[in-house]
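Chemist: The structure follows.
Throughout, read-outs are computed from the coordinates displayed, never taken from laboratory work. Treat the numbers as computed from the prediction; the structure is a model and nothing was measured. For neighbour counting, all protein chains shown are included, and Cβ atoms are generated from backbone atoms with ideal geometry for every residue, glycine included.
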Amino acid sequence: MKTITTIKEIRAALNQEKKSGKRIGFVPTMGYFHEGHLSLMHKAKEDCDVVVTSIFVNPTQFGPSEDFEAYPRDLKNDSKMAEEAGVDYLFLPSVEEMYPGERLTYVNVEKITKVLCGAKRPGHFQGVATVVSKLFNIIKPDFAYFGEKDYQQLVVLKKMVKGLNFDVQIVGVPTVRDKDGLAMSSRNKYLGPKEREAALILNKSLILAQEMVKNGERSSAKIKKSMTKLFEKEPLVNLEYLSICDIISLQEISGIKGKVLIALAARVRKARLIDNIVVEGN
Ligand code: PAF
């Protein structure tokens, strides 16, 4: 695995690979790897000839009171894990390399960034769309891999690629969970043992919703009510939002028909966690 920190060098290396006809798979990350990241790298390895992973904790997607500084970082271990996963190039740009000079250029996807996490984190998806656009222009991948845990991010980036005619295929990869059901996230590091136990309520509430749909419930209001009640039993967890919405437009829907996204965010002390599930009603 080659580790590269400058845009000039990664461009030169990947231009060579492209010239020899190699298909480039790209896994953009903010590091602190877990099984979820590895599953993206493995999928990229399966589909492509060359796998590029970037680690960049992107300042423009964090709000002023968010955890940019505290975001967990462990480059040494990440490097080892990426190498073991078969990554060919690890791209580690600095903030200065990615954002030189005054920041005046941003990418905006409208409407679908104003709901769910976007409603609670103004500017977040602008930061994500901007840095991913920049990374796509640097890496020029054929395929790019993102976890379904960040479902809204996946939908926003698919829309961005279509809207700006990026020549890349976005691939969504299923959420990886711990044995007890907790969705893997770098932010799980913030959880103490009691908080981690309490955080299982996120997944449990989604399973409850799934069961209700399986048993014929079609009312979003009723499903939300049962889920909210479950959260009320867990004082360590504060539900931030709960949405039952269309899988593409992300707009709230009142009844379950066809495939529907159930997405939520909750705070467990200083950790803000998200999870989701796609259910299907006939
Ligand atoms: O999902 C993430 O880790 C980040 O939002 C991403 C896509 C790497 C952009 O900074």
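Chemist: Residue by residue through region 99-115, which ³J(HN,Hα) values in whole Hz follow from phi under the Karplus form 6.51 cos²θ - 1.76 cosθ + 1.60 (θ = phi - 60°), with glycine and proline marked x?
Modeler: Rounded to whole hertz, the list is 10, x, x, 6, 8, 10, 10, 9, 10, 10, 9, 8, 6, 6, 9, 9, 10.
Chemist: What is the pair-distance distribution P(r) of region 76-207, computed from all Cα-Cα distances in 5 Å bins starting at 0, with each bin given as a whole percent?
Modeler: Binned Cα distances yield the sequence 2, 8, 14, 17, 20, 18, 12, 7, 2, 0.
Chemist: In what sequence, highest mean first, do 71-84, 191-204, 150-163 appear when ranked by Cβ atoms within 10 angstrom?
Modeler: 150-163, 191-204, 71-84
Chemist: What is the Å³ per residue value for the convex hull set by the Cα atoms of region 135-282?
Modeler: 124 Å³
Chemist: Turning to a different aspect of this structure: Placing unit charges on C-beta atoms (Lys and Arg positive, Asp and Glu negative, everything else neutral), compute the dipole magnitude of region 28-122 about its Cα centre in debye, rounded to 20.
Modeler: Taking the Cα centre of region 28-122 as origin, the dipole is about 460 debye.
Chemist: Normalise the Cα radius of gyration of the chain by 2.2 N^0.38 Å (N = residues in it) and let me know the number.
Modeler: So the chain has a normalised radius of gyration of 1.02.
Chemist: Could I ask something else about it? Per DSSP H run of n ≥ 4, the term is -39500 (n - 2.57); total these for the chain, divide by its residue number, and report the mean residue ellipticity at 222 nm rounded to 500 deg cm²/dmol.
Modeler: Here the helix-only value at 222 nm equals -12000 deg cm²/dmol.
Chemist: Towards the positive end of the charge dipole of the chain, with charges on Cβ (+1 Lys, Arg; -1 Asp, Glu), say which of ALA144, MET227, VAL57 has the farthest Cα.
Modeler: Looking along the dipole axis, the top candidate is MET227.
Chemist: Collect residues whose amide H, placed 1.01 Å from N in the peptide plane, falls under 5 Å from the amide H of ARG177; neighbours closer than 5 in sequence don't count.
Modeler: MET184
Chemist: A further question on this structure: Hand me the chymotrypsin sites (Phe, Trp or Tyr not before Pro) from region 14-79 located in a DSSP loop with no more than 16 other Cβ atoms within 10 Å, in residue order please.
Modeler: When the chymotrypsin sites (Phe, Trp or Tyr not before Pro) of region 14-79 are filtered for loop state and at most 16 Cβ neighbours within 10 Å, PHE68 remain.
Chemist: In whole Hz and in residue order, list the ³J(HN,Hα) couplings for region 84-90 that follow from phi through the Karplus curve 6.51 cos²θ - 1.76 cosθ + 1.60, θ = phi - 60°; x for Gly and Pro.
Modeler: So the J values, rounded to whole Hz, are 5, 7, x, 5, 8, 10, 10.
Chemist: Taking amide hydrogens as modeled 1.01 Å from N in the peptide plane, which residues meet the under 5 Å criterion relative to ILE247, leaving out close sequence neighbours?
Modeler: Sorted by chain and number, the residues that satisfy this are LEU261.
Chemist: Also: Around THR3, which amide H atoms from residues at least 5 apart in sequence, or from another chain, sit under 5 Å from its own amide H, with H modelled in the peptide plane?
Modeler: LEU90
Chemist: Any chance you could check the Cα centroid distance between region 201-254 and region 1-45 for me, in angstrom?
Modeler: 37 Å
Chemist: Ok, one more. List, in order, the whole-Hz ³J(HN,Hα) value for each residue of region 246-259 obtained from phi through the Karplus relation with A = 6.51, B = -1.76, C = 1.60 and θ = phi - 60°; use x for Gly and Pro.
Modeler: 5, 6, 10, 7, 6, 7, 3, 10, 8, x, 7, 8, x, 7
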